[in-house]
Amino acid sequence: MTLFEHLQVLISIILGLAITHLLASIHKVVQAGARVRYYWLAVVWTVVLFVAQVEWWWASFSFQERSEWNFFFFLFVLLSPVTLYLAAAFVLPDVERDTDYDLEQYYYTTGKWFFAMIALSTAFDGIRRGIIAGSFTDFGAASNVVSAVLVGSLGISVNRLHHAVITLSVAALFVFFIISQALELR
């Protein structure tokens with residue numbers, strides 16, 4: 001087993017738990033049926049979070065090219081998957097029997113924690129990308145830093161228009177980033 005394979009196991013476990021938690025939460029919300037009042041922003045962020053978790057796992061394959069690892073850099077790398085897991089814990093409510101849920105109310109009540117986790121994950125990832133690329137002007141690093149600031153602003157704002165504009169902007173930037181990486185546009 002190579003060092004990359006060894007380290008990738010823990011990254012995959014954390015991301016696997018995050019995806020499992022998110023999918024289980026989606027299942028519980030859907031199962032609650034009429035007891036849930038849906039909110040489009042909560043749904044969008046749930047989808048963005050799922051794609052972010054999968055993209056992070058996919059992008060982590062590039063770590064195999066890194067020959068030098070130490071415990072502290074690995075611990076830093078783990079911060080992004082850990083915060084993605086925590087974001088998955090905050091994006092949807094823990095659904096219980098015979099309780100009604102308003103996803104709009106939940107979104108704005110727990111938003112500061114959810115957006116803090118997403119902003120931290122994005123910032124950590126931007127820093128990591130900048131370190132590996134040797135420049136913070138690298139497209140991946142720069143787009144992550146911009147996204148972290150924009151997403152962080154959602155944690156302190158309750159303005160619905162601000163949330164809509166930033167959410168759609170960050171989602172579009174994320175989709176553009178994924179497409180550019182897939183097509184290797186730089």
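Nothing in this text is a laboratory measurement; each read-out follows from the coordinates by a stated rule. If you're wondering where the values come from, they're calculated on a predicted model, not measured in any experiment. When we count neighbours, we look across all protein chains shown, and the Cβ atoms used for this are built from the backbone with ideal geometry, even at glycine.
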| request: Please specify each residue of segment 145-184 satisfying the condition of being surrounded by fewer than 16 Cβ atoms within 10 Å (Cβ to Cβ), of a type in the set (S, T, N, Q) and part of a helix (DSSP H, G or I). | output: SER153, SER169, SER180
| note | For segment 29-83 the number of residues that are more than 20 Å from the chain's Cα centre (by Cα) and under 30 Å from GLU104 (Cβ atoms) is 9
| remark: Here the residues within segment 79-101 that are outside any helix (DSSP H, G or I) and crowded, with 16+ Cβ neighbours inside 10 Å are LEU92, PRO93, VAL95, TYR101
| said: Condition first: within 14 Å of the chain's Cα centre (by Cα) and free of Cβ contacts under 8 Å to residues at least 12 places away in the same chain. Now tell me which residues in segment 104-154 satisfy that. | reply: none
| Residues of segment 59-78 being exposed (fewer than 14 other Cβ atoms within 10 Å of the Cβ) and hydrophobic (A, V, I, L, M, F, W, C), which ones? | PHE61, PHE71, PHE72, LEU75
| query | Would a scan of segment 8-27 turn up a residue that is loosely packed, with under 13 Cβ neighbours inside 10 Å and either in contact (Cβ under 8 Å) with a residue 60 or more places away in the chain or in contact with a Lys or Arg (Cβ under 7 Å, 6 or more places away or on another chain) (or both)? | reply | no
| said: For segment 103-134, give me each residue that is within 20 Å of VAL48 (Cα to Cα) and either hydroxyl-bearing (Ser, Thr, Tyr) or not in a helix (DSSP H, G or I) (or both). | reply: TYR106, TYR107, TYR108, THR109, THR110, SER121, THR122
| task | Tell me, yes or no, whether segment 48-55 has at least one residue that is in contact with a His (Cβ under 9 Å, 6 or more places away or on another chain), surrounded by 14 or more Cβ atoms within 10 Å (Cβ to Cβ) and farther than 23 Å from GLY130 by Cα. | result | no
| Which one of these does VAL158 not meet: (1) more than 18 Å from the chain's Cα centre (by Cα); (2) within 20 Å of SER80 (Cβ to Cβ); (3) in contact (Cβ under 8 Å) with a residue 40 or more places away in the chain? | (2)
| If you go through segment 32-78, how many residues are in a helix (DSSP H, G or I) and either over 17 Å from TRP113 (Cβ atoms) or of a type in the set (Ser, Thr, Tyr) (or both)? | 32
